[in-house]
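All of the numbers you see were taken from the coordinates with simple rules; none came from a lab. Keep in mind it's a predicted model, so treat the numbers as computed, not measured. Virtual Cβ from ideal backbone geometry, glycine too; neighbours counted across all protein chains shown.
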Amino acid sequence: MKDGSLKAFKGSINKTAAEDLARYCMAMNGVLETMGLMSSKLDKLDIDPYHGFVHCGGDSTIFASLDHFVIVDETADWNEISYAVLKGEFPE
């Protein structure tokens, strides 16, 4: 996903939507990674190295690492999902 390409997907969304989301995640990761690098110049904001992001909206949440993303509904356990995504796992 670092290059915005979709390597594989499973779930209820279609492939075109998954490809669009992969490009979105790549763009957001680039912006947030730059923010992390800038934070090293600030005294009280330590967010480097950058690991990923969470985007909430409607009844879904996207958890994205540098390599992949997972879309879950609002009932998901954020701790469980975020740890799995950062370890490169796909939570059920």
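Would you please give the FRET efficiency between residue 5 and residue 56, computed as 1/(1 + (r/R0)^6) with r the Cβ-Cβ distance and R0 = 25 Å, to the nearest 0.05?
0.50
Taking the Cα-to-Cβ direction at residue 12 and at residue 76 and moving 7 Å from each Cα, how far apart do the two end points lie in nm?
Spacing of the two 7 Å Cα→Cβ label points: 1.3 nm.
So if each residue of separation counts as 0.36 nm, and I subtract the Cα-Cα distance between residue 32 and residue 20, what length gain in nm does that give?
2.5 nm
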